[in-house]
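Trainee: Take this structure, written in structure tokens, and hold onto it; I'll ask about it next.
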């Protein structure tokens, strides 16, 4: 670091602690500007790293740069995010104490990019193996997934994180990354239903519409135009020049597969379901009742009629018992719809984080935490979200000052230097104003939300005035003086934060703090067939009569837990600054930067750090650098290091008030003292060079050069002899290569084996379907086959371990389908590449669900049933449970088919979808055989055969006719023929004729 001080007039100082006028905000910003103009975006404040977003790619993040910072002490090299990363990693390994890196800054300052750089540094530089490399990939791939679901385009940033994230990177005792865990805070759920002009909803909605293929969008009932969806049209910003939604979709899908995610279909159903929810429109009747006026597909796995009822009515309870169902008015219905959309998306996001954590979870001995969280926010209109964000920053500032002072005090005590009291602003008074029990803003807000009767934002503001009036950091229009009233509305209150004044508009505070979902909406969501939603909405939640915690209290509690986590770790800090709002490289907006310097508390940080000594170094490093400045220490000092440093500074004329000597370090109070010393060293360098080349030293240099050249020549001759001997052995071995292994050919044969193994290592098959294998030389043919078998067995074992339960279930069904239909049915090859779905049915009527009772539907599909007499087609739903199947006509169960009584299933070998379920004719209680048709006959028959344990009784008729029982002693016949188009009709002699589509020749 000291070497850069000679260029300080051009590029500023690398550490703000060395600023002469450290109390001057202008000097601070000028130093930032100088470094920014020279593309030096990183600067220290002691151990704190200040980063300025360059808005362009810089050649400072290569693997070579990582190696440059690896294992190097903090101040030995220029400031960099890699230096903080490496110093934190080495501190974790040497002290065996958990570390954390706190990254903060406003939207667009580069927080997310900084956290990515840190993760990438650990992924590249930490020791690893194949298993850990895969885990590192999952750790890195979690970023695009979280960005897709948690980031959005705002007016300030095209990729703004709309949630706070704390990630633990877990390491074992060797320093190998072995796992991770993520905590998320305060997702901006209100963005789901509303965006300001020029802003967008979360990225995933646009990625799905632009990147999803036609078949997927058709399945989800979606169209590509975002303007067709109310939840995407409000911001009027479907396209952003800096964002490629189509490419990002591919990245997210790849990331989900790397993480081991198998529920893409269910997850995308929820995303599309949220969009469809936004398109629900309401009408109002003559008596004020509300009804739904649009027909919209809601892909949330819930009963449509139940959802309609829940969106337009609410259940009233008294003393824990349901009293009545009350209709909602138009505004209440709209609010219920939006509340459901926010709840579904918010809980799904939490589930997604939980799923990522499951893929990263491993036991560890040490962790490095990364906190990527929103910086202090002051917008034109500040609401509940900004209040929570700024409260979070108050707590982090309190933590920072406390930990920084504690660190300083510990270092002083270790070095035996008297601790001097540091004057600083203690923001505990502001934290108490917000979070104090019974008297804090959060407690008053909760009290307003819970009180009986009409609650509102203005009555909340009145309570604030009554309780907090006279507090030095709280002002409202009513309590303010005449000058302040002119700039405040009657709906605002002002807090004097550590970073400055902020006006908050109370409109929406009560509703956002309530964040409640109607009980009947929760009941509907609990019954969802979508496994993600049924996991997110628990039945216990509906049964529990206890009112859940308010949003602000939940945030406060999670923030307290975060503070406990951070207090238990050794912290490092990264403060991010954006130089301009236009995202232009090279442009430095001084007003904007001053605003951020203030709100990040950087001047306060600097004052705390500079309250004692500006510069400190170990005796050895200080003496090694500056020993040429004193005749007694140059060229070498042979005594105690402390004595050498004392001799040096006495020669330089340091005054007692300028320095202190600790047990292992020298502390210099003023930067000017260090600058003078560094300038003296720069002036001394020519003299040092002359000294090295004068008199007897010149003769010594010649002797050294001569000896070095002789040693190099002898080494060169030795290498030539060894090379010649090697070539002779190789040629001799080639001549005798077909003889038995011996002294004549051992080197050559060993080389052949080694070369084959080395080539094999680079060209091993990558998966069980990869059949390539390098051709072995005759010498190792047997070993090659053995290795091939071992490698295949190992790949199969790894593949089986990675298979998720859902995918295993899919594979089992596909294997059963292959056993039944392969080479037997023409339509089978087309089904191989299509996934079997958990269900293809429509919503089940509530009466049918009640009739089934505890027998849960495992699979369902729409079918056509043909009457046994007359063959009249009738649309039905075939529902499979664990013990029986039922045919349903809307609200009524028409036929129950017990698996225990089924005799078999018959199909033709052609491309039709007809199949017959054979039933016993002796049982009068059971109806006879059932003739059905399905568009997904391979899937349906496979699942039915598995549920009924009749895999080996499925018959495929090649004779082109199937006989079935019409009644006791009577038979019906279905004839199958090939034709130009599919057709089912009544044929000759009372048979049912099925014409199957013909493709030219039978599929193999």
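The values are calculated or read from the model by the stated rules, or taken from the named source; none is laboratory data. Since this is a predicted model, take the numbers as computed values, not measurements. Every residue, glycine among them, receives a Cβ derived from its backbone with ideal geometry; neighbour counts consider all protein chains shown.
Trainee: Under the condition of being within 37 Å of the chain's Cα centre (by Cα) and outside any helix (DSSP H, G or I), which residue from segment 770-826 is surrounded by the most Cβ atoms within 10 Å (Cβ to Cβ)?
Mentor: 803
Trainee: Take the residues in segment 904-938 that are at pLDDT 90 or above and touching a helix residue (DSSP H, G or I) at 6+ places or on another chain (Cβ under 7 Å), then tell me which one is farthest from residue 868 (Cα to Cα).
Mentor: Only one residue fits best here, namely 938.
Trainee: Is it the case that residue 621 is on the phi < 0 side of the Ramachandran plot and modelled with pLDDT under 80? Outline the logic, then answer.
Mentor: Numbers: on the phi < 0 side of the Ramachandran plot: yes; modelled with pLDDT under 80: no.
Criteria not met by residue 621.
Each row is one residue, and each column tells you yes or no for (1) touching a residue at least 24 places away in the same chain (Cβ under 8 Å); (2) farther than 24 Å from residue 874 by Cβ; (3) under 56 Å from the mean Cα position of the chain (by Cα); (4) in the same structural domain as residue 901 (by TED's automatic domain parsing).
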site	(1), (2), (3), (4)
948	yes, no, yes, yes
951	yes, yes, yes, yes
956	yes, yes, yes, yes
962	yes, no, yes, yes
969	yes, yes, no, yes
982	yes, no, yes, yes
990	no, no, no, yes
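Trainee: Just the residues that are modelled with pLDDT of 85 or more and within 24 Å of residue 145 (Cα to Cα), please, taken from segment 359-383.
Mentor: 367, 368, 369, 370, 371
Trainee: Of all residues being part of a loop (DSSP other than H, G, I, E, B) and in contact with a helix residue (DSSP H, G or I) (Cβ under 7 Å, 6 or more places away or on another chain) in segment 224-242, which is surrounded by the fewest Cβ atoms within 10 Å (Cβ to Cβ)? Just the residue, please.
Mentor: Filtering segment 224-242 down to residues part of a loop (DSSP other than H, G, I, E, B) leaves 224-225, 229, 234-242.
Keeping just the survivors that are in contact with a helix residue (DSSP H, G or I) (Cβ under 7 Å, 6 or more places away or on another chain) gives 224, 229, 238.
Details: 224: 13, 229: 22, 238: 19.
Per the criteria, the residue is 224.
Trainee: Is it the case, given these coordinates, that residue 430 is more than 30 Å from residue 146 (Cα to Cα), touching a helix residue (DSSP H, G or I) at 6+ places or on another chain (Cβ under 6 Å) and in a helix (DSSP H, G or I)? Lay out the reasoning, then the answer.
Mentor: Details: more than 30 Å from residue 146 (Cα to Cα): yes; touching a helix residue (DSSP H, G or I) at 6+ places or on another chain (Cβ under 6 Å): yes; in a helix (DSSP H, G or I): yes.
Yes.
Trainee: Pull out all pairs, ordered by first then second residue, where Cβ-Cβ is under 6 Å, the residues are six or more apart or on different chains, the first lies in segment 628-645 and is without any contact (Cβ under 8 Å) to a residue 60 or more places away in the chain, and the second is buried (at least 17 other Cβ atoms within 10 Å of the Cβ) and assigned to a loop (DSSP other than H, G, I, E, B).
Mentor: Hits for this filter: 644/633; 644/637.
Trainee: Here's a follow-up. List the strands (runs of 3 or more DSSP E) inside segment 827-911, counting only whole elements, that have at least 1 residues being farther than 26 Å from residue 958 by Cβ. Explain how you work it out, then say what you get.
Mentor: Numbers: elements: 859-866, 873-880, 884-889, 892-898, 904-908.
Of the strands (runs of 3 or more DSSP E) lying wholly inside segment 827-911, those with at least 1 residues that are farther than 26 Å from residue 958 by Cβ span 859-866, 873-880, 884-889, 892-898.
Trainee: How about segment 620-633: which of its residues are assigned to a loop (DSSP other than H, G, I, E, B) and either under 56 Å from the mean Cα position of the chain (by Cα) or outside the structural domain of residue 651 (by TED's automatic domain parsing) (or both)?
Mentor: Residues of segment 620-633 assigned to a loop (DSSP other than H, G, I, E, B): 630-633.
Result: 633, single match.
Trainee: If residue 684 passes every condition in (1) in contact with a helix residue (DSSP H, G or I) (Cβ under 7 Å, 6 or more places away or on another chain); (2) under 24 Å from residue 411 (Cα atoms); (3) modelled with pLDDT under 80 but one, which one does it miss?
Mentor: Condition not satisfied by residue 684: (2).
Trainee: Residue check, residue 199 against (1) more than 24 Å from residue 336 (Cβ to Cβ); (2) part of a helix (DSSP H, G or I); (3) touching a strand residue (DSSP E or B) at 6+ places or on another chain (Cβ under 8 Å), all met but one. Which one?
Mentor: Answer for residue 199: the failing condition is (2).
Trainee: Checking the conditions here, which among 471, 477 is without any contact (Cβ under 8 Å) to a residue 60 or more places away in the chain, buried (at least 16 other Cβ atoms within 10 Å of the Cβ) and touching a strand residue (DSSP E or B) at 6+ places or on another chain (Cβ under 8 Å)?
Mentor: Working: 471 fails: touching a strand residue (DSSP E or B) at 6+ places or on another chain (Cβ under 8 Å).
Only one candidate qualifies: 477.
Trainee: Please find, among 110, 105, 46, the residue that is buried (at least 23 other Cβ atoms within 10 Å of the Cβ), touching a helix residue (DSSP H, G or I) at 6+ places or on another chain (Cβ under 7 Å) and in contact (Cβ under 8 Å) with a residue 40 or more places away in the chain.
Mentor: The match here is 105.
Trainee: Oh, and also: Just to be sure, is residue 904 at positive phi and in contact with a strand residue (DSSP E or B) (Cβ under 6 Å, 6 or more places away or on another chain)? Talk me through it step by step, then tell me what you get.
Mentor: Details: at positive phi: yes; in contact with a strand residue (DSSP E or B) (Cβ under 6 Å, 6 or more places away or on another chain): yes.
Considered against the rule, which asks whether it is at positive phi and in contact with a strand residue (DSSP E or B) (Cβ under 6 Å, 6 or more places away or on another chain), residue 904 comes out as yes.
Trainee: Here is a follow-up. When you check residue 371 against the structure, is it more than 23 Å from residue 188 (Cα to Cα) and either buried (at least 22 other Cβ atoms within 10 Å of the Cβ) or in contact with a strand residue (DSSP E or B) (Cβ under 6 Å, 6 or more places away or on another chain) (or both), yes or no? Full working, then the answer.
Mentor: Numbers: more than 23 Å from residue 188 (Cα to Cα): no; either buried (at least 22 other Cβ atoms within 10 Å of the Cβ) or in contact with a strand residue (DSSP E or B) (Cβ under 6 Å, 6 or more places away or on another chain) (or both): yes.
No: the conditions fail for residue 371.
Trainee: Could you please give the count of residues in segment 500-537 that are modelled with pLDDT under 85, in contact with a strand residue (DSSP E or B) (Cβ under 8 Å, 6 or more places away or on another chain) and not in a helix (DSSP H, G or I)?
Mentor: So the count comes out to 1.
Trainee: Write out, first by first residue and then by second, each pair whose Cβ atoms fall under 6 Å of each other, whose residues are 6+ apart or on separate chains, and whose first residue, in segment 70-97, is under 19 Å from residue 13 (Cα atoms) while the second is in a loop (DSSP other than H, G, I, E, B).
Mentor: 75/1; 79/14
Trainee: Within segment 163-186, how many residues turn out to be part of a loop (DSSP other than H, G, I, E, B) and either modelled with pLDDT of 85 or more or over 29 Å from residue 53 (Cα atoms) (or both)? Outline the logic, then answer.
Mentor: Of all residues in segment 163-186, those part of a loop (DSSP other than H, G, I, E, B) come to 163, 172-176, 186.
Add one more test, that the residue is either modelled with pLDDT of 85 or more or over 29 Å from residue 53 (Cα atoms) (or both), and what stays is 163, 172-176.
Qualifying residue count, segment 163-186: 6.
Trainee: Could you check segment 30-43 and list, in sequence order, the residues that are crowded, with 23+ Cβ neighbours inside 10 Å and within 13 Å of residue 83 (Cα to Cα)?
Mentor: 43
Trainee: Now for a separate question. Restricting the search to segment 652-678, which residues are part of a helix (DSSP H, G or I) and either touching a strand residue (DSSP E or B) at 6+ places or on another chain (Cβ under 6 Å) or under 23 Å from residue 46 (Cβ atoms) (or both)?
Mentor: Looking only at segment 652-678, we keep the residues that are part of a helix (DSSP H, G or I), and these are 652, 656-658, 671-678.
Of everything in segment 652-678, those that are part of a helix (DSSP H, G or I) and either touching a strand residue (DSSP E or B) at 6+ places or on another chain (Cβ under 6 Å) or under 23 Å from residue 46 (Cβ atoms) (or both) turn out to be 657, 658, 671, 672, 673, 674, 675, 676, 677, 678.
Trainee: Which one of the conditions (1) touching a helix residue (DSSP H, G or I) at 6+ places or on another chain (Cβ under 7 Å); (2) in the same structural domain as residue 944 (by TED's automatic domain parsing) does residue 767 fail to meet, given that it meets all the rest?
Mentor: Residue 767 satisfies all of (1) touching a helix residue (DSSP H, G or I) at 6+ places or on another chain (Cβ under 7 Å); (2) in the same structural domain as residue 944 (by TED's automatic domain parsing) except (2).
Trainee: Between 382, 393, which is outside any helix (DSSP H, G or I) and surrounded by 15 or more Cβ atoms within 10 Å (Cβ to Cβ)? Walk me through it before giving the result.
Mentor: On the way: 393 fails: outside any helix (DSSP H, G or I).
Being outside any helix (DSSP H, G or I) and surrounded by 15 or more Cβ atoms within 10 Å (Cβ to Cβ) holds for just one of 382, 393, which is 382.
Trainee: Within the bounds of segment 577-591, is there any residue that is closer than 27 Å to residue 21 by Cβ, assigned to a helix (DSSP H, G or I) and either out of contact with any helix residue (DSSP H, G or I) (no Cβ under 6 Å at 6 or more places or on another chain) or modelled with pLDDT of 85 or more (or both)? Before you say what the answer is, go through the steps one by one.
Mentor: Initial filter on segment 577-591 (closer than 27 Å to residue 21 by Cβ): 577-580, 586-591.
After this cut, where a residue has to be assigned to a helix (DSSP H, G or I) as well, the list is 590-591.
Within this subset, residues satisfying the condition of being either out of contact with any helix residue (DSSP H, G or I) (no Cβ under 6 Å at 6 or more places or on another chain) or modelled with pLDDT of 85 or more (or both) are 590-591.
Yes: one or more hits.
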